[in-house]
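Data first, discussion second: the structure below is written as structure tokens.
The values are calculated or read from the model by the stated rules, or taken from the named source; none is laboratory data. This structure is a prediction, so every number in the text was calculated from the model and none was measured. Because the Cβ atoms are built from the backbone with ideal geometry, glycine has one as well, and the counts that use them run over all protein chains shown. These accessible areas exclude ligands, DNA and RNA; they are computed on the full protein's heavy atoms, side chains included. Shrake-Rupley method; radii C 1.70, N 1.55, O 1.52, S 1.80 Å.
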Amino acid sequence: MRKVLLSAGLLAVMLPSVAKKNNNPVLMTVDGKDVPVSEFLYLYGKNTGQQQSKMTVDEYLDLFVVYKLKVADAESAGLDTVASFKNEYNGYRLDLAKPYLRDQEAEDSMVLEAYEHKKREVDVSHIMVAKGKSPEENSVQIAKLDSIRTAIIGGADFGEAARNYSIDRAVMRNNGHMGWLMADRVPYSFEKAAYDTPVGQISDVIETPFGYHIVRVENERQASGEVLAQHILKLTQGRPEAEVPAIKSSIDSIYNYLIASGDAADFNEVAKRESEDPGSASNGGMLPWFGRGRMVPEFENVAFSLNDGEISEPFKTSYGFHIIKKLDHKAVPELEEVRNSILSAMAKDGRLQDIAVRRYNRLRSDYDVSLNETNVLRIKNAFSQNNGLDSSIIAQLKTAPLPLGVIAGVEFTPKDILPAGASPVSTSKSAESYIDELIDEYVYSRITELELVRLERENPEFRNLLKEYYDGILLFEISNRRVWEAASNDEEGLEKYFNEHRNKYDFNTPKYKGYIIYSVSDSVHNELNSIINREKPDIDRIVDIIAEKFDGNAKIEKVIVSKGENRLVDAVVFDGEKPELRGKFKYYTLYNGKVIDHPEEMSDVRGNVIADYQAELERRWVKELKSKYPVKINKNQLKKLR
């Protein structure tokens with residue numbers, strides 16, 4: 001489990017002044033280690049910023065020194081060298097670095113581009129041809145579509161070309177005309193071509209998962225936003241033409257009734273009773289918020305033309321006759337409202353991955369990554385000659401000083417990329433792919449590590465954040481050892497502390513000390529009471545009896561409570577009302593109890609004693625730390641901070 005003492009909610013609080021400073025003087029040394037001013041200011045700003053009464057620099061300095069002394073004690077104990085610490089810290093390090101390792105400028109630009117699309121709608125036509133079964137066939141298809149584009153630009157009829165060449169199933173009906181397109185309705189490469197192409201012009205050939213396309217933009221308009229509406233539907237789809245007049249008469253009668261009633265609530269009831277839309281009738285005809293392109297054109301045209309609260313006259317679509325009541329409308333939301341949904345879409349369709357790949361390729365160039373293709377081929381050939389990949393060939397190659405490439409001037413060899421063992425790979429082709437993957441993984445990890453080192457060196461904000469987590473993990477572990485678990489597990493120490501401070505734990509009011517035995521039924525309740533009355537067993541024996549004879553049907557609970565803290569005890573001991581129990585256990589018996597005015601033993605106030613004993617161990621520990629580890633304050637720097 002990851003453990004950091006400082007609140008995660010504080011992570012957003014930063015000190016811009018720190019991030020801008022190139023000069024980073026030493027404020028103090030703790031056990032010979034320098035602590036820069038920037039680290040102190042970073043934590044001072046985060047912690048005091050959450051306090052109602054802000055601490056002075058000197059007040060916080062005392063806390064900060066103790067904090068650094070505890071970290072020094074953890075390092076002295078070697079806690080920073082154990083595998084569990086390293087794994088946890090490295091995991092945090094990678095997580096914390098992710099925002100810094102992203103190409104934020106490119107990401108923001110793409111988010112803005114997608115948002116700008118949401119503010120417009122474009123009327124488009126397209127021609128689509130199929131993808132080939134090989135790169136060569138794909139090239140032929142792209143060239144074919146590019147020739148069609150050139151012919152249309154030269155005067156050929158778009159609709160005729162669409163009918164002759166497009167594989168879109170609707171082409172014979174619509175001549176390639178798709179209609180109005182909204183953002184987030186089609187693959188992003190198609191959307192981008194539609195929104196980037198000026199009205200009246202044709203895009204270059206683009207690729208989607210469905211094929212290759214050219215897109216002509218017929219018109220554009222401002223986005224209409226979304227509407228909220230109810231509707232009543234009388235179906236004509238699938239019914240004989242002879243029934244249509246009667247259906248029209250029925251919808252007209254419904255409309256006349258709604259207008260005459262003037263009661264808004266009536267629309268709900270009428271929709272539930274009369275509408276034949278299986279998806280919305282039971283909900284009073286209520287539809288979810290929708291924008292252009294979500295409904296058939298006739299339906300959305302009416303919906304968007306109404307005023308809020310207005311009821312339409314009956315109109316027809318391919319489904320039947322409708323009446324719409326428009327309830328509300330909203331414009332395109334602000335960017336920050338939809339940023340997360342845009343990022344989610346970018347992650348799903350690969351745009352974020354494209355940004356990451358471009359950044360990775362830039363980093364490969366920045367760190368001068370080069371491969372020794374000859375030696376890489378030697379390894380692949382070795383696997384091929386071995387007829388596969390196994391642990392024996394891996395062991396041989398790991399000892400070979402064979403440079404496979406260079407990253408930032410440092411060579412790497414098979415020893416760096418090969419695992420300790422591997423499952424056999426049956427063909428030379430799969431072995432080649434496996435080696436390529438191993439090299440890519442190694443290059444990526446090394447580049448990432450180099451970027452992390454650069455970040456720590458050049459970015460004060462990241463450096464301080466990382467140091468906070470480093471110290472926080474160590475602080476948790478050493479505090480657990482020296483105070484928290486130390487107190488909880490020290491039974492002798494707890495007893496001694498309790499006996500030395502008994503008066504501290506006197507009760508303000510009397511308490512009932514005893515046990516409650518619960519049962520699921522009166523038969524179990526009576527049988528348990530019979531055993532208790534007959535045998536007079538001790539608590540351990542009762543626990544055994546419950547486990548052996550009544551497993552799951554009875555339980556026992558120790559309590560030490562004042563009046564008002566437990567309804568069952570109140571009813572039996574303090575003359576309270578008898579409660580009605582809920583849940584499985586509805587019967588109970590109080591056993592071996594009595595009312596006491598003060599604790600009889602440490603266990604009666606164990607929680608309080610542990611808390612106080614922890615505070616005592618903390619006090620002793622801090623005293624020890626101050627005498628054990630030297631602290632030297634740079635008074636000139638401290639004076640500047642006051």
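Working only within region 555-609, note down all residues that are among the polar types (S, T, N, Q) and in a helix (DSSP H, G or I).
603, 608
Considering region 208-226 alone, what residues qualify as being over 19 Å from residue 119 (Cα atoms) and crowded, with 16+ Cβ neighbours inside 10 Å?
Passing the criteria: 208, 211, 212, 213, 214, 215, 216.
Find all pairs meeting these conditions: Cβ atoms under 6 angstrom apart; at least six residues apart or on different chains; first residue within region 491-513 and touching a residue at least 40 places away in the same chain (Cβ under 8 Å); second residue of a type in the set (Phe, Trp, Tyr).
Within 6 Å, the pairs are 494/613; 497/613.
Restricting attention to region 346-398, and to residues there that are charged (D, E, K, R) and not in a helix (DSSP H, G or I), which single residue is most open to solvent (accessible area, probe 1.4 Å)?
This residue is 368.
Could you please find all residues in region 262-300 being assigned to a loop (DSSP other than H, G, I, E, B), in contact (Cβ under 8 Å) with a residue 12 or more places away in the chain, of a type outside the set (Gly, Ala, Ser) and over 25 Å from residue 181 (Cα atoms)?
If the condition is that a residue be assigned to a loop (DSSP other than H, G, I, E, B), in contact (Cβ under 8 Å) with a residue 12 or more places away in the chain, of a type outside the set (Gly, Ala, Ser) and over 25 Å from residue 181 (Cα atoms), then 276, 277 are the ones that fit.
Looking at this structure, is residue 622 touching a Leu at 6+ places or on another chain (Cβ under 6 Å), at negative phi and either open to solvent by less than 80 Å² (accessible area, probe 1.4 Å) or assigned to a helix (DSSP H, G or I) (or both)?
No, not satisfied.
What's the number of the condition residue 199 fails, among (1) in contact (Cβ under 8 Å) with a residue 12 or more places away in the chain; (2) open to solvent by 10 Å² or more (accessible area, probe 1.4 Å); (3) over 25 Å from residue 114 (Cβ atoms); (4) not charged (D, E, K, R)?
Condition not satisfied by residue 199: (3).
Of the numbered conditions (1) among the aromatic types (Phe, Trp, Tyr); (2) out of contact with any Phe, Trp or Tyr (no Cβ under 7 Å at 6 or more places or on another chain); (3) surrounded by 18 or more Cβ atoms within 10 Å (Cβ to Cβ), residue 585 fails exactly one; give the number of that condition.
Only one criterion is unmet by residue 585, namely (2).
Is it the case that residue 112 is modelled with pLDDT of 95 or more and farther than 22 Å from residue 177 by Cα?
When the stated conditions are applied, residue 112 passes them.
Could you list all residues from region 204-247 that are within 19 Å of residue 298 (Cα to Cα), among the β-branched types (Val, Ile, Thr) and more than 37 Å from the chain's Cα centre (by Cα)?
232, 236, 244, 247
Exactly one condition in (1) farther than 20 Å from residue 510 by Cα; (2) surrounded by 14 or more Cβ atoms within 10 Å (Cβ to Cβ) is not met by residue 576; state its number.
Among (1) farther than 20 Å from residue 510 by Cα; (2) surrounded by 14 or more Cβ atoms within 10 Å (Cβ to Cβ), the lone unmet condition for residue 576 is (1).
Which count do you get for residues in region 329-345 that are open to solvent by less than 60 Å² (accessible area, probe 1.4 Å) and more than 17 Å from residue 105 (Cα to Cα)?
5
Which one is farthest from residue 268 (Cα to Cα), of the residues in region 317-339 that are basic (Lys, Arg) and out of contact with any Asp or Glu (no Cβ under 7 Å at 6 or more places or on another chain)?
That would be 339.
Every residue, every condition in (1) in contact with a strand residue (DSSP E or B) (Cβ under 8 Å, 6 or more places away or on another chain); (2) under 14 Å from residue 125 (Cα atoms); (3) assigned to a loop (DSSP other than H, G, I, E, B), yes or no:
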residue	(1), (2), (3)
155	no, no, yes
163	no, yes, no
179	yes, yes, no
186	yes, yes, yes
189	yes, no, no
212	yes, yes, no
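Quick test of your reading of the structure: residue 139 fulfils all but one of (1) free of Cβ contacts under 8 Å to residues at least 60 places away in the same chain; (2) closer than 28 Å to residue 346 by Cβ. Name the failing condition by number.
Result: residue 139 fails condition (2) only.
Residue 149 fails exactly one of the following numbered conditions: (1) of a type outside the set (Ser, Thr, Tyr); (2) open to solvent by 40 Å² or more (accessible area, probe 1.4 Å); (3) within 24 Å of the chain's Cα centre (by Cα). What is the number of that condition?
Condition (3) is where residue 149 drops out.
Hey, can you tell me all the residues within region 301-333 that are of a type in the set (Asp, Glu) and either assigned to a loop (DSSP other than H, G, I, E, B) or under 21 Å from residue 254 (Cβ atoms) (or both)?
308, 310, 313
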